[in-house]
Amino acid sequence: MHSNQTSRDDSVGISRLVITRRERAVMLEPRGKAIVLWTLRYGDEVRDEDTYFAGIGDETADSDMMPLVQQLIKKQTQHWNPKMVIDPVQDRLLDIIADKKRALKKPSKAKTKAPASAPAPSNVINIMDALKKSVAAETRIGK
């Protein structure tokens with residue numbers, strides 16, 4: 001692949017990622033200045049559609065119920081609003097990032113104090129460092 005001749009807009013990366021102690025297949029899709037991570041499923045993890053649709057026959061809807069269902073749908077229909085999809089994990093993550101940025105901007109008060117103890121070990125991995133190590137390992141293996 002020639003990097004200066006190939007558009008990266010139509011390329012994605014496929015990898016494996018451990019999420020909650022389970023390895024999953026993922027797809028990394030570049031989008032603007034960000035990367036979207038899609039969790040993928042293996043074929044044996046997806047149920048056959050017949051499992052869901054086998055019980056559906058050629059029955060017709062109950063004509064007495066249709067007006068009630070239509071009225072319920074009309075009553076519940078709303079225009080899209082981003083507040084409809086609240087993600088508490090995302091909100092908490094944004095709070096943590098903001099706290100870290102504030103901590104980095106504050107100048108250290110006194111340099112004469114005893115050095116703080118080493119930070120607690122973290123399971124957070126810099127994805128760029130991991131990617132660089134992976135590429136370096138592949139390069140060594142490929143030689």
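A few comments on the model shown:
- Protection-proxy order for peptides 86-97, 52-63, each taking the mean of Cβ atoms within 10 Å per residue, highest first: 86-97, 52-63
- Couplings 3J(HN,Hα) for region 129-136, derived from phi with the Karplus relation 6.51 cos²θ - 1.76 cosθ + 1.60 (θ = phi - 60°), are 5, 5, 5, 4, 4, 5, 5, 4 Hz, where x marks Gly and Pro.
- Computed from phi, the 3J(HN,Hα) profile of region 17-25 under the Karplus parametrisation 6.51, -1.76, 1.60 (θ = phi - 60°) reads 9, 8, 10, 6, 6, 10, 6, 10, 7 Hz, with x in place of Gly and Pro.
- Peptides ranked, highest mean first, by Cβ atoms within 10 Å: ranges 72-83, 20-31: 20-31, 72-83
None of the figures in this text is laboratory data; all of them are computed from the coordinates on show. The model shown is predicted, which means the values in this text are computed figures rather than measured ones. With ideal geometry, Cβ positions are generated from the backbone for all residues, glycine too; neighbour counts draw on all protein chains shown.
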